[in-house]
Amino acid sequence: MRYISTRGLAPVLGFEDTLLAGLAADGGLYVPEAWPSLTKDQWRALRGLSYPELTARILAPFVDDAIDPATLTRLCREAYAGFGHPAVAPLVQLDHRLFALELFHGPTLAFKDFALQLLGRLFDHVLARRGSRITIVGATSGDTGSAAIEACRDRANIDIVILHPKGRTSAIQRRQMTTVLAPNVANVAVEGTFDDCQDLVKAMFADAPFRDEMRLSAVNSINWARVAAQIAYYAYAALALGAPERQVAFAVPTGNFGNVLAASAARRMGLSVHSLTLGANRNDILARFIAANDMSIRTVEPSLSPSMDIQVSSNFERLLFELMDRDAGATAKAMAAFRAEGRMPVPDATWRRATALFRASACDDAATLAEITRLDRAGYLADPHTAIGVAAARAHMPPDPDIPVVVAATAHPAKFPDAVAQATGRRPALPARLADLETRPERCAELPNDLASIEAFVRRHALRNAPREIA
Ligand SMILES: *Cc1c(COP(=O)(O)O)cnc(C)c1O
């Protein structure tokens with residue numbers, strides 16, 4: 001399988017190089033040169049596979065000959081071995097035709113673990129084969145840092161340093177990062193804001209000698225392998241509910257468009273998907289686009305579902321490329337206009353295609369809380385992101401009652417205890433395997449908001465773990 005950039009000016013790459021590159025050199029995103037497609041018989045043959053085995057089979061055409069099937073299956077097994085549920089991605093029935101696909105049984109209790117646990121191992125495997133080593137640096141406001149740290153911990157060829165603003169993350173978020181004592185993991189509490197942390201990371205990447213010496217890399221949400229890994233749980237759910245003989249609808253709480261893009265990739269591969277509904281919070285750019293072709297950036301408003309507080313959905317470019325019949329020049333032009341004017345000019349016919357592919361609805365904080373309360377009364381405790389998915393699903397139930405509707409449950413309720421308590425009067429408990437989080441020892445450096453100090457720290461960290469290689 002070869003990968004092309006949505007903007008058409010970057011080299012065509014194989015799977016390994018696409019994995020390591022992340023963003024394409026022309027600023028675009030890598031997509032498969034052609035979509036693999038499975039026949040009904042081929043889908044049927046995947047029924048009954050365990051989650052890791054199914055993932056390996058779904059990934060096989062994307063990985064192609066870059067990794068042999070036995071190794072790929074082993075990496076998938078290892079990636080999902082640490083999940084807290086034997087089904088990995090269990091389906092829970094909410095009413096007679098509504099289901100929650102629980103994607104929060106990974107180490108950090110949110111769906112990003114599905115892609116990142118595998119990504120860390122894929123990186124490590126490819127780096128080992130090339131005899132090379134990388135240093136991942138990133139900034140977090142608390143939400144995404146732990147998933148990256150859990151993905152990279154104990155990997156032989158990866159060091160990771162995550163910056164967070166000192167005293168500005170929740171205690172749970174900080175502890176999920178700082179209690180990981182693996183020697184290749186370092187946390188830095190920066191005396192500054194999240195924006196300061198992000199600026200420090202950007203400055204490290206802009207410092208070319210430092211970037212090259214440390215072989216800096218990032219685990220960003222636009223890596224194609226992340227999207228590919230997420231296709232598997234849509235297939236898993238649909239097959240369990242009767243695909244390919246039966247159609248299944250999905251509803252997905254959406255921020256960067258990565259998760260729902262994986263669902264649409266599954267549909268392109270021939271999975272019997274009836275419809276895809278995306279849920280948004282008050283940051284509703286995607287819902288406005290689907291409703292009225294209004295793709296205009298507004299300021300980001302904080303909400304009870306912070307992982308969806310996003311205005312520019314980075315993965316949307318991959319959909320746009322398909323909507324424009326894979327015309328890279330037109331895609332690049334639309335993206336440039338979007339950046340320059342804050343509004344994407346989408347031709348009417350293109351927008352109509354988008355509305356045929358996706359339904360959407362948005363939910364403010366009050367409606368989110370009301371949905372959490374409603375679900376709790378029916379016996380299901382949902383986090384705010386999942387509740388938005390459920391509300392979106394309810395707004396777009398397929399008329400045919402034989403079509404089940406599956407909501408991507410993207411975070412464990414204990415990750416957002418304040419909102420859940422506000423809606424239900426109860427504080428959800430952490431799962432048993434994390435119950436001692438508050439008493440585990442922490443390790444974290446504290447540094448000033450100063451590039452030289454941070455770079456010196458990153459260098460020391462990388463040298464300690466691979467002294468011969470870098471020296
Ligand atoms: C990241 C995240 C989302 C949004 O997913 P995208 O792939 O960015 O659309 C939704 N819910 C939770 C809990 C998340 O962490």
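Structure summary
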quantity	calculated
Options Val420, Val390, Val406: the member that is outside any loop (DSSP other than H, G, I, E, B), in contact with a Phe, Trp or Tyr (Cβ under 6 Å, 6 or more places away or on another chain), modelled with pLDDT of 95 or more and not acidic (Asp, Glu)	Val406
Residues within the stretch 253-268 that are more than 6 Å from the ligand (Cβ to nearest atom) and touching a Phe, Trp or Tyr at 6+ places or on another chain (Cβ under 7 Å), tallied	4
Answer residue from the stretch 240-255, given it is buried (at least 20 other Cβ atoms within 10 Å of the Cβ) and either over 16 Å from Leu46 (Cβ atoms) or of a type in the set (Phe, Trp, Tyr) (or both) and is farthest from the chain's Cα centre (by Cα) among those	Ala249
Given (1) at pLDDT below 95; (2) touching a helix residue (DSSP H, G or I) at 6+ places or on another chain (Cβ under 9 Å); (3) closer than 16 Å to Ser141 by Cα; (4) open to solvent by less than 50 Å² (accessible area, probe 1.4 Å), index of the condition Asp196 fails	(2)
The stretch 302-329, subset away from the ligand (no atom under 16 Å from the Cβ) and surrounded by fewer than 17 Cβ atoms within 10 Å (Cβ to Cβ), residue nearest to the chain's Cα centre (by Cα)	Arg326
Options Arg246, Arg267, Arg282; residue that is modelled with pLDDT of 95 or more, within 24 Å of His412 (Cβ to Cβ) and among the charged types (D, E, K, R)	Arg282
Any hit, the stretch 33-41, residues being at pLDDT 95 or above, outside any helix (DSSP H, G or I) and of a type in the set (Phe, Trp, Tyr)	yes
Scan of the stretch 441-454 for residues that are open to solvent by 70 Å² or more (accessible area, probe 1.4 Å) and among the charged types (D, E, K, R), ordered by number	Glu442, Arg443, Glu446
Enumeration of residues in the stretch 206-220 that are within 22 Å of the chain's Cα centre (by Cα) and surrounded by 15 or more Cβ atoms within 10 Å (Cβ to Cβ)	Leu216, Ser217, Ala218, Val219
Verdict on Asp402 being more than 19 Å from Ala89 (Cα to Cα), open to solvent by 60 Å² or more (accessible area, probe 1.4 Å) and within 16 Å of the ligand (Cβ to nearest atom)	no
Condition check for Pro86: touching a helix residue (DSSP H, G or I) at 6+ places or on another chain (Cβ under 7 Å), open to solvent by 10 Å² or more (accessible area, probe 1.4 Å) and modelled with pLDDT of 95 or more	no
Considering residues of the stretch 117-150 that are more than 23 Å from Asp199 (Cα to Cα) and open to solvent by less than 10 Å² (accessible area, probe 1.4 Å) only, the residue farthest from the ligand (Cβ to nearest atom)	Leu127
Sole residue being more than 18 Å from the chain's Cα centre (by Cα) and either at positive phi or among the charged types (D, E, K, R) (or both), chosen from Arg97, Arg121	Arg97
Some residue of the stretch 357-373 being open to solvent by less than 10 Å² (accessible area, probe 1.4 Å), over 28 Å from Phe83 (Cα atoms) and not in a helix (DSSP H, G or I)	yes
Qualifying position, being within 16 Å of the ligand (Cβ to nearest atom), closer than 23 Å to Ser296 by Cβ and not aliphatic (A, V, I, L, M), among Arg339, Arg343, Arg359, Arg353	Arg359
Among residues of the stretch 65-79, those that are surrounded by fewer than 18 Cβ atoms within 10 Å (Cβ to Cβ) and of a type in the set (S, T, N, Q), counted	1
Residue in the stretch 87-99 that is in contact with a strand residue (DSSP E or B) (Cβ under 9 Å, 6 or more places away or on another chain), of a type in the set (Val, Ile, Thr) and farther than 30 Å from Leu320 by Cβ present	yes
Hits in the stretch 296-354 - residues which are of a type in the set (Asp, Glu) and either closer than 14 Å to Asn256 by Cβ or assigned to a helix (DSSP H, G or I) (or both)	Asp309, Glu317, Glu322, Glu341, Asp348
Some residue of the stretch 97-105 being farther than 24 Å from Pro244 by Cα and within 16 Å of the ligand (Cβ to nearest atom)	yes
Condition met for Phe114 (within 25 Å of Tyr3 (Cβ to Cβ) and either in contact (Cβ under 8 Å) with a residue 60 or more places away in the chain or within 16 Å of the ligand (Cβ to nearest atom) (or both))	yes
Residue count for the stretch 12-26, restricted to those that are touching a residue at least 24 places away in the same chain (Cβ under 8 Å) and surrounded by fewer than 23 Cβ atoms within 10 Å (Cβ to Cβ)	6
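The values are calculated or read from the model by the stated rules, or taken from the named source; none is laboratory data. All values derive from a computational prediction rather than experimental measurement. No Cβ is skipped: glycine too gets one built from the backbone with ideal geometry, and neighbour counts run over all protein chains shown. Heads up: the accessible areas ignore ligands, DNA and RNA and are worked out on the full protein's heavy atoms, side chains in. Shrake-Rupley method; radii C 1.70, N 1.55, O 1.52, S 1.80 Å.
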